[in-house]
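Reviewing the structure listed below.
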Amino acid sequence: MRINKFMVGLLVLVLAVSILGAVALAKPGHGKDQNASDTVIDSVSWTVQGFINMTIDDSAFDFGQIDAGVDSVSEDNANTLSVFSNTEWVLTYTVSGTGSDHLGVSLSASEGDGDGNVTVGYSLNDLRSMDPGSYTATVTFTVAAK
């Protein structure tokens, strides 16, 4: 019986040493240089949407009272449009309202790329043919991606 206890003890000791040895071999870096490293790559992607925003310095321009007999009046720097964008753009306008057929609009630029300022000029033409009175025209500016 003593031999059996001895064999069991020896078997337990051998088993314990084997397990500890396996754990020691399973440690990271075992059998390799202690300065070992590894690299992985992650591909990161995104999509940026185009945007356009426009502001106007003053939303109302007034020529005031026009002297009698004057046929045309102009103001080259009547207003400024500021375009904020990350894309190419085109600027257009429409004119409506009473007397709109007598109002001329000029732009320092009608297209651009990215941010930009556009100077707006207005001119009144053929005033002698108009009836006396007050007139109001509306100019609607539109900026769109090119």
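Summary of computed values
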item	result
Odd one out for ASP71 among (1) within 30 Å of ALA145 (Cβ to Cβ); (2) part of a loop (DSSP other than H, G, I, E, B)	(1)
Selection status of ASN53, under 13 Å from ALA144 (Cα atoms), part of a strand (DSSP E or B), at pLDDT 95 or above and not β-branched (Val, Ile, Thr)	yes
Checking LEU81 against (1) exposed (fewer than 14 other Cβ atoms within 10 Å of the Cβ); (2) of a type outside the set (Phe, Trp, Tyr); (3) closer than 30 Å to LEU127 by Cα; (4) in contact with a strand residue (DSSP E or B) (Cβ under 7 Å, 6 or more places away or on another chain), the condition it does not meet	(1)
Filtered residue count, segment 47-72, keeping only those that are of a type in the set (Val, Ile, Thr), touching a Leu at 6+ places or on another chain (Cβ under 8 Å), within 30 Å of GLU88 (Cβ to Cβ) and in contact (Cβ under 8 Å) with a residue 60 or more places away in the chain	1
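The values are calculated or read from the model by the stated rules, or taken from the named source; none is laboratory data. Source: prediction; values computed, not measured. Cβ sites come from the backbone with ideal geometry, for glycine too, and all protein chains shown count toward neighbours.
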